[in-house]
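Q: First, the structure itself, so that you have it in front of you.
Throughout, read-outs are computed from the coordinates displayed, never taken from laboratory work. Owing to the predicted nature of the structure, the values given are computational and were not obtained by experimental measurement. Note that each Cβ is placed from the backbone with ideal geometry, even for glycine, and that neighbours are counted across all protein chains shown.
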Amino acid sequence: MTKSAQILTTDVDDDAKYAEQRRAPRDEVALPTRMFVKDHQGSDVLLVNISPLGFMVREYGETPKGSIVRLALPRLGQVTAKVVWSLGGRVGAEFIKPIDHYAYTAMLNAAKQKRQRWPMG
């Protein structure tokens, strides 16, 4: 294996490991929403799970690790986060500022009411 292939494989392995290392339990939501990158370009995503500290979405594109994004959330508007891993159309991000308990509960209740199927499967 070449050195560059070895580095790439290591990065993918590290991203997958990070996806399983969570500091807070996640709530499953399956909520279609929008995610915006630094240049204000938005894209449709499916919010798969969320916690007061971070989230995972599925997307059609590929948002690179380290990107600063804003995720549109019910009752909270756009919340800023940093992408900590990105792999195969899935993105995990950590909120820059954790969501407080009261706001998180209100957002989660609103999100669960808006759940629906999304064409990504």
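Q: Just to check I understand the Karplus step: with θ = phi - 60° and J = 6.51 cos²θ - 1.76 cosθ + 1.60, what whole-Hz values come out for the range 106-114, glycine and proline as x?
A: 4, 5, 4, 4, 5, 5, 5, 6, 9
Q: Suppose the chain between Ala106 and Val37 were pulled fully straight at 0.36 nm per residue; how much longer would it get relative to their current alpha carbon spacing?
A: 22.3 nm
Q: Ranked highest first by average number of other Cβ atoms within 10 Å, how do 82-89, 97-104 line up?
A: My ranking of the peptides, most packed first, is 82-89, 97-104.
Q: Pick out, in residue order, every one of the trypsin sites (Lys or Arg not before Pro) in the range 34-64 that is DSSP loop and has at most 13 other C-beta atoms within 10 Å; say none if there are none.
A: On the way: sites: Arg34, Lys38, Arg58; in loops: Lys38.
Qualifying residues, ordered by number: Lys38.
Q: May I ask you to evaluate 6.51 cos²θ - 1.76 cosθ + 1.60, the Karplus curve with θ = phi - 60°, for each residue of the range 57-64 and list the ³J(HN,Hα) values in order in whole Hz, giving x for glycine and proline?
A: Along the range 57-64, the couplings run 10, 9, 9, 7, x, 9, 8, x Hz.
Q: Shifting gears a bit: Can you pull the one-decimal nm distance between simple spin-label points at Ile96 and Asp44, each 7 Å off the Cα toward Cβ?
A: Placing both labels 7 Å along Cα→Cβ, they lie 2.8 nm apart.
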